[in-house]
Amino acid sequence: MSQAKVDKYKQEKANRKKIMKKEKRQHVLRVILACIIGLALVGFLVWTVVDKYNESNEEQTVTLSEEEMSKLIEQLSDTTSSSEGTTSGNSTEDASGEETSGEKASDEETSGEKASDEQDTTEAAE
């Protein structure tokens with residue numbers, strides 16, 4: 001029996017380089033395989049999170065009929081015209097304390113702009 005042990009030891013010693021190379025190769029393959037599986041898992045998790053985020057932020061498409069569209073345009077024009085009158089300062093008070101319309105004030109501004117434009121053109125011509 002001891003002779004069998006000695007023979008086995010000699011055989012292992014003779015093939016030790018081959019065995020070591022095989023074990024190293026298997027170890028490297030295990031590490032590479034573990035990295036690939038880990039990256040696949042992380043990629044899947046990231047994809048899932050991004051997909052859920054995109055679903056929650058998806059744009060919704062609204063279809064309006066021609067009638068609804070015209071009503072919407074009217075409402076928007078009403079709100080913009082009413083907000084322009086209050087924020088742009090087009091309405092002015094005259095001496096009697098009454099408020100004049102923004103059209104008169106804008107007409108006065110336009111005539112003033114025309115006069116300044118005429119002055120600019122005459123100065124450029126001289």
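Please treat every number below as a calculation from the coordinates, not as lab data. The model shown is predicted, which means the values in this text are computed figures rather than measured ones. Don't worry about glycine lacking a Cβ; one is built from the backbone with ideal geometry, like all the others, and counts go over all protein chains shown.
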Work out the FRET efficiency for Glu12 and Ala34 from their Cβ-Cβ distance, taking R0 = 35 Å, and round it to the nearest 0.05.
0.75
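Lysine pairs in segment 10-53 8 or more apart or on different chains: how many have alpha carbons under 18 angstrom apart? All intermediate terms of the calculation are to be shown ahead of the outcome.
Working: Lys10/Lys18; Lys13/Lys21; Lys13/Lys22; Lys13/Lys24.
For segment 10-53, the number of qualifying lysine pairs is 4.
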What does the convex hull of the Cα atoms of segment 1-90 come to per residue, in Å³, rounded to a whole number?
217
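Can you put Val62, Val6 in order, fewest other beta carbons within 10 Å first? Walk me through the intermediate numbers first.
Values: Val62 6, Val6 10.
Lowest to highest Cβ neighbour count: Val62, Val6.
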Once you put a point 7 Å from the Cα of Asp78 and another 7 Å from the Cα of Lys22, both along the Cβ direction, what distance in nm separates them?
8.9
